[in-house]
Amino acid sequence: MTEQAITATVLKERSRLGNFIRRRVSDPTDADDILQDVFHEFVQAYRLPEPIEQVSAWLFRVARNRIIDRFRKKKEVALADLGAAGEDDDDSYHLDLLLPSPDAGPEEAYARTMLLEELQAALEELPAAQREVFVAHELDGISFKEMAQATGTPLNTLLARKRYAVQYLRARLAYLYDPD
């Protein structure tokens, strides 16, 4: 791919990809950083011998991974505060801390992509209420207390929905982490 083709792709996808990221990341500076990271990785990927076949899908997948990475970094700092929100540490499930890092090499990046695709399929199978709580807490980083205040749903109901979602996802995705 030539520099002109790369530039054309960036110009074509920038607005849509930027909106995708801003809907998921509240801090505009973080959203801009993620967008820049995605396009930097795009340019780097075109230097590799294997071409990217579906550029738009690839860009959105990388953006989603970078968003999760950003939340993981923020959550690592806040892990000590989790007990204060009324959560039982044994029941706390932090998906993004379990995923392979995309910076650990091509095999880990591929494994991460496959895990995220399997997770997406499993999430779509959940009842809407359970899926919404799981996504809000795990991917959007919203606390149960904030969800309860915003929705008027009791805190224990939200905790139960997340617990049921985690139980289902663990069973549904068990083959990925337990090969026996």
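Rule-based calculations on the coordinates, nothing more; no lab input. For clarity, every value in this text was computed on a predicted model and none was experimentally measured. Don't worry about glycine lacking a Cβ; one is built from the backbone with ideal geometry, like all the others, and counts go over all protein chains shown.
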Scoring only Lys, Arg, Asp and Glu (+1, +1, -1, -1) among other residues with Cβ under 13 Å from the Cβ of TYR46 yields -3
Compute the distribution of all C-alpha to C-alpha distances in the stretch 1-62, in bins of 5 Å from 0, and list the percent of pairs in each, rounded to whole numbers.
4, 18, 31, 25, 13, 7, 2, 0
